[in-house]
Amino acid sequence: MAKLFFSYSHKDEALRDELQTHLEMLKRSGAIETWHDRMIPAGDELDIAIDQKMEEADVILLLVSSDFLASKYCFDVEVKRAMERHEAGTARVIPVILRPCDWKHAPFHNLLAAPKDGREITMWPNRDQAFLDVVTQIRSALAVVPPKPTPPEQYQGFHDPSVIFSQVFGQRSSNLRLKKTFTDADKDRFMDDAFDYMAKFFEGSLDELQKRNQGIEGRFKRIDAQCFTAVIYQNGDSVARCAIRHGGSTAFKSGIAYSHDDRGSGIGSNSFNEMLSLEVGEQALSLKSMGVSSYMGGLERESLSFEGASELYWTKLIEPLQR
C-alpha cells in the first residue's frame, strides 16, 4: 500500500476534499492510504507530525494554487523537502494544479503536472473529469513506486492483540470527511460570483472572437448587476443574440437564465431558453442545467464549474456561426 501525502494551502481545503473523494476506489482496493494535516490529533506537535508523514510518503501531491505558492511553509518547507526526496528517488512528487497561478516558475515546473497539460482543475468545464484525470495519473504513478520493504523480523508473526494495538496506536481511518453545510449566504455568494464570472467570460470571449475573425464584431452590454447581453455581428448583420440574467423569475429567482433574445422580452420577462440552478453537493456547490434546450456535448447533465456553465451558454450563442 502506497502512502499519499497532501501538501496544500488550507484555503484550498474544499478542493482537497473533492480530490480525496475521487481517490476512494484506490483506497478501497488497498492501493493507497492518504494523509493530510487535518488528521493530526489534538496535542501532537504540528511540525513533527507533518515531517514524519512526509518522510513516510511514497507519493507527495502538491496541490498548487496562488495561495499554495504564497504559503511560506508550503513553499519553503514542504516543497523543498518533497523535491529533495523526488530527486533522491525515495518518493514521487506529482503537482496537481488547482487554480491559475505562476507555477511554471516554481522548483517543480519540470515535473509532469496533473490534470492533463497542467490545465487548472477550476478551469475545466466539468470538474469531475478534471479530478478523474488526476486519479488516472496517480494510478500510473503507483506502478513505478518502489515496493515497501518487508517488516523487520522482530515484528513478523505477531498476532497478540495487545502487540498489534501497540503497533497501530496513533493510526486512524482516512475516512473522516463529513458532509459540509452551506448557509444561505454561501449559496447567494456562489450564485453572484458565478454570474459575475460569466459576464467577464462573455466579454472576454466576444473581444477575442472579434480579434481572430475578420468581419466579426462582438457587442457586450452590462444592463445592470443582474443582467447582461451579447450580440455577434457578421459583416454588420446580427447573427446571434442573447440575454443572461441572474434571478428575475418568480419560479427561478436563484437561477441564471439564458434567452436568445437580447431585447425587452429577453431581459425583463420570465421567459428563457435555458436555466442554470444551484446544486448543493456533499463537499461543494456547483451549477446544473435544467436541460430545457439540447446541447451536443453532455454538459447539461453535469455538475458545472463557473467556466463549464459559461462555456455551456457561450456555445449556445456561437452555435449559429459554427453550423
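The values are calculated or read from the model by the stated rules, or taken from the named source; none is laboratory data. All figures in this text were calculated on a predicted structure; none of them were measured in a lab. All Cβ positions, even for glycine, are placed from backbone atoms using ideal geometry, and neighbour counts span all protein chains on display. Surface areas here come from the heavy atoms of the whole protein model, side chains and all, with no ligands, DNA or RNA. Shrake-Rupley method; radii C 1.70, N 1.55, O 1.52, S 1.80 Å.
Calculated FRET efficiency, Lys11 and Glu208, Cβ-Cβ r, R0 22 Å, to nearest 0.05?
The value I calculate is 0.15.
Output wanted: per-residue J couplings in Hz (rounded whole) for region 215-230, from phi through Karplus 6.51 cos²θ - 1.76 cosθ + 1.60, θ = phi - 60°, x for Gly and Pro.
Per-residue couplings from phi come out as x, 9, 10, x, 10, 10, 9, 8, 6, 7, 5, 10, 7, 9, 10, 9 Hz.
Let me cross-check Phe75: its accessible surface, 1.4 Å probe, with only protein heavy atoms counted, in Å² to the nearest 10?
60 Å²
According to a simple spin-label model (label point 7 Å from Cα along Cα-to-Cβ), what is the distance in nm between Val280 and Arg323?
Taking the two extended label points, one gets 4.1 nm.
So for the pair Glu56, Thr315, with labels modelled 7 Å out along Cα→Cβ, what separation do we get in nm?
4.5 nm
Going by average Cβ density within 10 Å per residue, which order do the peptides 39-51, 119-131 take, highest to lowest?
Top of the packing list down: 119-131, 39-51.
Which three extents, in angstrom, do the Cα atoms of region 1-142 have along their principal axes, listed largest first?
42, 36, 30
How would you order 303-313, 63-73 from highest to lowest mean count of nearby Cβ atoms within 10 Å?
303-313, 63-73
How large is log10 I(q)/I(0) at q = 0.18 Å⁻¹ when the Debye formula is applied to the Cα atoms of region 31-107, each weighted equally and without solvent?
Each listed q corresponds, in turn, to -0.78.
Contour minus end-to-end for Gln234 and Ala88, with contour as 0.36 nm per residue of separation and end-to-end as the Cα-Cα distance?
Net length gain for the segment: 46.7 nm.
Tell me, what is the FRET efficiency for Glu217 and Met25 to the nearest 0.05, using R0 = 30 angstrom and their Cβ-Cβ distance as r?
That gives a FRET efficiency of 0.05.
Calculate, in nm to one decimal, what Asp188 and Met290 gain on full extension: separation in residues at 0.36 nm each, minus their alpha carbon distance.
Full-extension gain reported as 34.8 nm.
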